[in-house]
Amino acid sequence: QVRLVESGGGLVQAGGSLRLSCAASRNIGSISAMGWYREAPGKQRELVALISSDGRTNYADSVKGRFTISGNSALNTVYQRMNNLRPEDTAVYYCVADIQRSGARTPSRYWGQGTQVTVSS
């Protein structure tokens, strides 16, 4: 089994910045995409940003222009730079990875344990 190891969450004032990192603990297959979801109290989990193995990125409208996702060449590590943070960005941020194991017809999505980001006003 693979673990997604997240780091970089914390407490920051509005307008500040944080950088999240996520690394896959072992190579169990081909990673087609990695990225981040978030879940705020009382709200549904939502997509924040994804990066695919060909470099394409996808962002939630609410973070466009403020968040930047990037990955290493092997796409087994992903980073998310978050600038100009707002109190509404407060949430648990979950790393995801879509991994296709040898012999599988489609990739499976793996989730990290989550890291808390708190933005104070």
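The values are calculated or read from the model by the stated rules, or taken from the named source; none is laboratory data. It should be emphasised that the depicted structure is a prediction, and the values quoted were computed from it without experimental measurement. Every residue, glycine among them, receives a Cβ derived from its backbone with ideal geometry; neighbour counts consider all protein chains shown. For the accessible areas, the whole protein counts, side chains as well, though only heavy atoms, and no ligand, DNA or RNA atoms are used. Shrake-Rupley method; radii C 1.70, N 1.55, O 1.52, S 1.80 Å.
In the stretch 95-119, the qualifying residues are those that are at negative phi and in contact with a Cys (Cβ under 9 Å, 6 or more places away or on another chain), and the one that is most open to solvent (accessible area, probe 1.4 Å) is Gln113. Mind checking which residues of the stretch 1-41 are over 16 Å from Cys95 (Cβ atoms) and either open to solvent by less than 30 Å² (accessible area, probe 1.4 Å) or modelled with pLDDT of 95 or more (or both)? Matches in the stretch 1-41: Leu11, Val12, Gln13, Ala14, Gly15, Gly16, Ser17, Gly29, Ala40. The set of residues from the stretch 1-23 being of a type outside the set (D, E, K, R), within 12 Å of the chain's Cα centre (by Cα) and either part of a strand (DSSP E or B) or more than 23 Å from Val63 (Cα to Cα) (or both) comprises Leu4, Val5, Ser7, Leu20, Ser21, Cys22, Ala23. Consider Leu50 carefully, then state whether it is of a type in the set (A, V, I, L, M, F, W, C) and either touching a residue at least 60 places away in the same chain (Cβ under 8 Å) or assigned to a loop (DSSP other than H, G, I, E, B) (or both). So Leu50 fails the test.
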